[in-house]
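Working notes, structure below.
The values are calculated or read from the model by the stated rules, or taken from the named source; none is laboratory data. Being a predicted model, the structure only gives us computed values, none of them experimental. In this analysis, Cβ positions are derived from the backbone assuming ideal geometry, glycine residues included, and neighbour counts consider all displayed protein chains.
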Amino acid sequence: GDSVTQMEGPVTLSEEAFLTINCTYTATGYPSLFWYVQYPGEGLQLLLKATKADDKGSNKGFEATYRKETTSFHLEKGSVQVSDSAVYFCALSYLGNDYKLSFGAGTTVTVRA
Amino acid sequence: NAGVTQTPKFRILKIGQSMTLQCAQDMNHNYMYWYRQDPGMGLKLIYYSVGAGITDKGEVPNGYNVSRSTTEDFPLRLELAAPSQTSVYFCASSYGGNSPLHFGNGTRLTVT
(Lines give C-alpha, C1' and ligand atoms only; values in the text may rest on other atoms or scores of the structure.)
Protein backbone atom coordinates (compact mmCIF):
# COMPACT_ATOMS: atom_id res chain seq x y z
CA GLY A 1 0.00 0.00 0.00
CA ASP A 2 0.93 3.65 -0.07
CA SER A 3 3.23 4.98 2.63
CA VAL A 4 5.55 7.81 3.50
CA THR A 5 8.91 7.52 5.26
CA GLN A 6 10.55 10.55 6.82
CA MET A 7 13.95 10.97 8.36
CA GLU A 8 13.79 10.52 12.09
CA GLY A 9 14.30 13.40 14.45
CA PRO A 10 14.65 15.28 16.50
CA VAL A 11 16.73 17.75 14.55
CA THR A 12 18.41 20.64 16.37
CA LEU A 13 19.95 23.50 14.43
CA SER A 14 21.36 26.95 15.01
CA GLU A 15 19.72 30.00 13.45
CA GLU A 16 20.69 30.58 9.80
CA ALA A 17 21.68 26.94 9.34
CA PHE A 18 20.54 24.88 6.33
CA LEU A 19 17.71 22.44 6.94
CA THR A 20 16.93 19.27 5.00
CA ILE A 21 14.27 16.75 5.98
CA ASN A 22 14.22 13.64 3.82
CA CYS A 23 10.96 12.10 2.67
CA THR A 24 10.43 9.10 0.42
CA TYR A 25 7.20 7.46 -0.61
CA THR A 26 5.66 4.34 -2.06
CA ALA A 27 2.37 4.54 -3.90
CA THR A 28 0.45 2.45 -6.40
CA GLY A 29 -0.84 5.45 -8.32
CA TYR A 30 0.49 8.90 -9.14
CA PRO A 31 0.28 10.73 -5.85
CA SER A 32 0.25 14.36 -4.90
CA LEU A 33 2.82 15.18 -2.24
CA PHE A 34 2.57 17.57 0.68
CA TRP A 35 4.47 19.01 3.58
CA TYR A 36 2.42 20.01 6.61
CA VAL A 37 3.81 21.89 9.63
CA GLN A 38 2.60 21.77 13.23
CA TYR A 39 3.65 24.62 15.51
CA PRO A 40 3.57 24.02 19.27
CA GLY A 41 0.03 23.71 20.62
CA GLU A 42 -1.59 23.99 17.21
CA GLY A 43 -3.06 21.79 14.52
CA LEU A 44 -1.31 21.01 11.28
CA GLN A 45 -1.28 23.47 8.42
CA LEU A 46 -0.26 23.06 4.82
CA LEU A 47 3.26 24.30 4.12
CA LEU A 48 3.61 23.39 0.45
CA LYS A 49 2.56 20.81 -2.12
CA ALA A 50 3.41 19.38 -5.54
CA THR A 51 0.97 17.48 -7.72
CA LYS A 52 3.16 15.99 -10.45
CA ALA A 53 6.70 14.90 -11.19
CA ASP A 54 9.34 17.68 -11.27
CA ASP A 55 6.97 20.20 -9.68
CA LYS A 56 8.54 22.35 -7.00
CA GLY A 57 6.45 23.52 -4.07
CA SER A 58 7.60 26.55 -2.11
CA ASN A 59 6.40 28.69 0.79
CA LYS A 60 7.96 30.74 3.61
CA GLY A 61 11.46 30.03 2.25
CA PHE A 62 10.89 26.26 2.22
CA GLU A 63 11.12 24.24 -0.98
CA ALA A 64 10.54 20.65 -2.03
CA THR A 65 10.77 19.04 -5.47
CA TYR A 66 8.71 16.02 -6.54
CA ARG A 67 11.29 13.47 -7.76
CA LYS A 68 9.54 10.52 -9.35
CA GLU A 69 12.80 8.73 -10.26
CA THR A 70 13.86 8.60 -6.61
CA THR A 71 10.30 8.65 -5.15
CA SER A 72 11.32 11.54 -2.93
CA PHE A 73 10.04 14.91 -1.77
CA HIS A 74 12.76 16.32 0.48
CA LEU A 75 12.08 19.57 2.33
CA GLU A 76 14.79 22.26 2.37
CA LYS A 77 15.31 25.72 3.75
CA GLY A 78 18.48 27.70 3.29
CA SER A 79 18.48 29.73 6.51
CA VAL A 80 16.24 28.71 9.38
CA GLN A 81 14.87 30.95 12.11
CA VAL A 82 13.79 30.22 15.66
CA SER A 83 10.19 30.58 14.46
CA ASP A 84 10.68 27.53 12.20
CA SER A 85 10.78 25.28 15.27
CA ALA A 86 7.93 22.86 14.69
CA VAL A 87 7.03 19.31 13.69
CA TYR A 88 7.08 18.70 9.94
CA PHE A 89 5.00 15.99 8.27
CA CYS A 90 5.36 14.63 4.77
CA ALA A 91 2.15 13.25 3.27
CA LEU A 92 0.70 11.89 0.06
CA SER A 93 -2.72 11.46 -1.49
CA TYR A 94 -4.04 10.12 -4.77
CA LEU A 95 -7.28 9.53 -6.62
CA GLY A 96 -7.28 5.76 -6.09
CA ASN A 97 -7.43 6.31 -2.33
CA ASP A 98 -10.15 8.98 -2.51
CA TYR A 99 -7.42 11.56 -1.85
CA LYS A 100 -7.14 10.51 1.80
CA LEU A 101 -3.83 11.71 3.20
CA SER A 102 -1.19 9.24 4.36
CA PHE A 103 1.23 10.90 6.75
CA GLY A 104 4.81 10.22 7.69
CA ALA A 105 5.76 9.97 11.36
CA GLY A 106 6.81 13.62 11.59
CA THR A 107 10.18 15.24 12.23
CA THR A 108 10.65 17.58 15.17
CA VAL A 109 12.88 20.54 14.37
CA THR A 110 14.26 22.86 17.02
CA VAL A 111 16.15 26.00 16.02
CA ARG A 112 18.35 27.65 18.65
CA ALA A 113 19.12 31.35 18.67
CA ASN B 1 -13.35 33.34 10.53
CA ALA B 2 -13.13 30.57 13.14
CA GLY B 3 -12.09 27.73 10.77
CA VAL B 4 -12.20 24.35 12.53
CA THR B 5 -13.15 24.43 16.21
CA GLN B 6 -12.61 21.46 18.52
CA THR B 7 -13.86 21.07 22.07
CA PRO B 8 -12.76 20.24 24.69
CA LYS B 9 -9.03 20.97 24.55
CA PHE B 10 -8.18 18.52 27.30
CA ARG B 11 -10.03 15.65 28.95
CA ILE B 12 -9.23 12.86 31.37
CA LEU B 13 -11.48 9.79 31.29
CA LYS B 14 -11.65 6.69 33.42
CA ILE B 15 -11.62 3.30 31.70
CA GLY B 16 -15.11 2.44 30.50
CA GLN B 17 -16.44 5.98 30.43
CA SER B 18 -17.81 7.52 27.27
CA MET B 19 -17.50 10.94 25.74
CA THR B 20 -18.01 12.92 22.57
CA LEU B 21 -15.35 15.09 20.99
CA GLN B 22 -16.94 18.00 19.19
CA CYS B 23 -15.82 19.42 15.86
CA ALA B 24 -17.36 22.28 13.90
CA GLN B 25 -16.25 24.12 10.78
CA ASP B 26 -17.59 27.30 9.23
CA MET B 27 -15.96 27.07 5.79
CA ASN B 28 -18.77 25.10 4.13
CA HIS B 29 -16.39 22.20 3.51
CA ASN B 30 -17.99 18.93 2.42
CA TYR B 31 -15.13 16.72 3.60
CA MET B 32 -14.36 16.23 7.27
CA TYR B 33 -11.88 13.93 9.01
CA TRP B 34 -10.88 12.66 12.42
CA TYR B 35 -7.24 11.75 13.08
CA ARG B 36 -5.36 10.60 16.12
CA GLN B 37 -1.75 11.55 16.69
CA ASP B 38 0.53 9.34 18.73
CA PRO B 39 4.23 10.10 19.39
CA GLY B 40 6.46 8.91 16.55
CA MET B 41 3.48 7.51 14.65
CA GLY B 42 2.28 10.44 12.59
CA LEU B 43 -1.45 10.84 12.11
CA LYS B 44 -3.82 7.92 11.64
CA LEU B 45 -7.25 8.40 10.07
CA ILE B 46 -10.11 7.24 12.28
CA TYR B 47 -13.21 8.21 10.28
CA TYR B 48 -14.06 10.60 7.51
CA SER B 49 -17.11 12.06 5.82
CA VAL B 50 -17.63 13.34 2.28
CA GLY B 51 -20.85 15.15 3.10
CA ALA B 52 -23.81 15.33 5.45
CA GLY B 53 -25.27 11.89 6.08
CA ILE B 54 -22.22 10.02 4.75
CA THR B 55 -19.43 8.57 6.89
CA ASP B 56 -16.74 5.97 6.30
CA LYS B 57 -14.04 4.16 8.24
CA GLY B 58 -10.41 5.11 8.09
CA GLU B 59 -7.36 3.11 9.20
CA VAL B 60 -8.16 2.84 12.92
CA PRO B 61 -11.95 3.02 13.48
CA ASN B 62 -12.32 0.42 16.25
CA GLY B 63 -13.67 1.88 19.47
CA TYR B 64 -15.04 5.01 17.81
CA ASN B 65 -18.23 6.18 16.14
CA VAL B 66 -19.15 9.28 14.18
CA SER B 67 -22.17 10.99 12.74
CA ARG B 68 -22.61 13.81 10.22
CA SER B 69 -26.09 15.26 10.44
CA THR B 70 -25.04 18.71 9.20
CA THR B 71 -22.30 20.07 6.94
CA GLU B 72 -20.79 22.00 9.86
CA ASP B 73 -20.53 19.36 12.60
CA PHE B 74 -18.68 16.05 12.82
CA PRO B 75 -18.64 14.68 16.40
CA LEU B 76 -16.49 11.68 17.39
CA ARG B 77 -17.89 9.32 20.01
CA LEU B 78 -15.91 7.03 22.32
CA GLU B 79 -18.28 4.53 23.91
CA LEU B 80 -16.04 2.52 26.29
CA ALA B 81 -12.80 4.37 26.79
CA ALA B 82 -9.63 2.28 26.94
CA PRO B 83 -6.04 3.30 27.77
CA SER B 84 -5.09 2.63 24.13
CA GLN B 85 -7.27 5.61 23.20
CA THR B 86 -5.00 8.01 25.05
CA SER B 87 -3.91 10.32 22.25
CA VAL B 88 -4.27 13.73 20.68
CA TYR B 89 -7.27 13.92 18.37
CA PHE B 90 -7.46 16.27 15.42
CA CYS B 91 -10.46 17.17 13.33
CA ALA B 92 -9.91 18.53 9.82
CA SER B 93 -11.99 19.68 6.88
CA SER B 94 -11.48 20.38 3.19
CA TYR B 95 -13.24 20.94 -0.12
CA GLY B 96 -12.13 17.44 -1.15
CA GLY B 97 -9.81 16.23 -3.88
CA ASN B 98 -6.30 17.65 -3.47
CA SER B 99 -7.46 20.77 -1.65
CA PRO B 100 -5.57 21.38 1.62
CA LEU B 101 -6.88 20.14 4.93
CA HIS B 102 -7.69 22.71 7.62
CA PHE B 103 -7.05 21.37 11.09
CA GLY B 104 -8.42 22.24 14.49
CA ASN B 105 -6.08 22.70 17.44
CA GLY B 106 -6.70 19.26 18.82
CA THR B 107 -8.12 17.53 21.90
CA ARG B 108 -5.67 15.87 24.28
CA LEU B 109 -7.38 12.83 25.80
CA THR B 110 -6.00 10.70 28.61
CA VAL B 111 -7.69 7.46 29.65
CA THR B 112 -6.62 6.04 33.02
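A:Asp98 is checked against (1) within 18 Å of A:Gly1 (Cα to Cα); (2) crowded, with 18+ Cβ neighbours inside 10 Å; (3) without any contact (Cβ under 8 Å) to a residue 40 or more places away in the chain; (4) of a type outside the set (S, T, N, Q) and fails just one. What number does that condition carry? Looking at each condition in turn, A:Asp98 falls short on (2). For the range B:54-64, the condition holds for at least one residue, the condition being that it is acidic (Asp, Glu), surrounded by fewer than 19 Cβ atoms within 10 Å (Cβ to Cβ) and within 13 Å of another protein chain (Cβ to nearest Cβ).
Could you say which residue among B:Met41, B:Met27, B:Met32 is outside any strand (DSSP E or B) and under 24 Å from A:Gly106 (Cβ atoms)?
Values: B:Met27 fails: under 24 Å from A:Gly106 (Cβ atoms); B:Met32 fails: outside any strand (DSSP E or B).
Only one candidate qualifies: B:Met41.
Condition (residue is without any contact (Cβ under 8 Å) to a residue 24 or more places away in the chain and under 16 Å from B:Gly106 (Cβ atoms)) applied to the range B:53-63: is it met by at least one residue? Working first, answer last.
Of the residues in the range B:53-63, the ones without any contact (Cβ under 8 Å) to a residue 24 or more places away in the chain are B:53-57, B:59, B:61-63.
So of that shortlist, the ones also under 16 Å from B:Gly106 (Cβ atoms) come out as none.
So far as the range B:53-63 goes, no, none of its residues is without any contact (Cβ under 8 Å) to a residue 24 or more places away in the chain and under 16 Å from B:Gly106 (Cβ atoms).
Within the range B:66-78, the set of residues being farther than 20 Å from A:Leu101 by Cα and either within 14 Å of another protein chain (Cβ to nearest Cβ) or not in a loop (DSSP other than H, G, I, E, B) (or both) comprises B:Asp73, B:Arg77, B:Leu78.
One residue alone among A:Pro10, A:Pro31 is surrounded by fewer than 13 Cβ atoms within 10 Å (Cβ to Cβ), in contact (Cβ under 8 Å) with a residue 60 or more places away in the chain and either within 14 Å of chain B (Cβ to nearest Cβ) or charged (D, E, K, R) (or both), and that residue is A:Pro10. Look at the range B:79-99: where a residue is more than 10 Å from chain A (Cβ to nearest Cβ) and a partner is of a type in the set (Lys, Arg) and exposed (fewer than 14 other Cβ atoms within 10 Å of the Cβ), sitting 6+ places away or on another chain with Cβ atoms under 9 Å, you get B:Ala81/B:Lys14.
Which one is nearest to the chain's Cα centre (by Cα), of the residues in the range A:61-76 that are touching a residue at least 24 places away in the same chain (Cβ under 8 Å) and surrounded by fewer than 20 Cβ atoms within 10 Å (Cβ to Cβ)?
Step one: of the range A:61-76, the residues touching a residue at least 24 places away in the same chain (Cβ under 8 Å) are A:62, A:64, A:66, A:70-76.
Still in the running and surrounded by fewer than 20 Cβ atoms within 10 Å (Cβ to Cβ): A:70-72, A:74, A:76.
Details: A:Thr70: 15, A:Thr71: 13, A:Ser72: 10, A:His74: 7, A:Glu76: 9 Å.
Going through the qualifying residues, I end up with A:His74.
One residue is enough: does the range B:86-93 have a residue meeting the conditions at pLDDT 95 or above, hydroxyl-bearing (Ser, Thr, Tyr), within 11 Å of the chain's Cα centre (by Cα) and surrounded by 14 or more Cβ atoms within 10 Å (Cβ to Cβ)? Yes, the conditions are met somewhere in the range B:86-93.
Would you mind stating whether A:Ala113 is surrounded by 13 or more Cβ atoms within 10 Å (Cβ to Cβ) and at pLDDT 95 or above? When the stated conditions are applied, A:Ala113 does not pass them.
Can we say A:Gly41 is within 14 Å of another protein chain (Cβ to nearest Cβ), at pLDDT below 95 and farther than 17 Å from A:Thr12 by Cα? Yes. Flag not set for B:Gln17, criterion: in a strand (DSSP E or B) and surrounded by fewer than 17 Cβ atoms within 10 Å (Cβ to Cβ).
Residues considered: A:Phe73, A:Phe89. Of these, the only one that is more than 10 Å from every other protein chain (Cβ to nearest Cβ) and at pLDDT 95 or above is A:Phe73.
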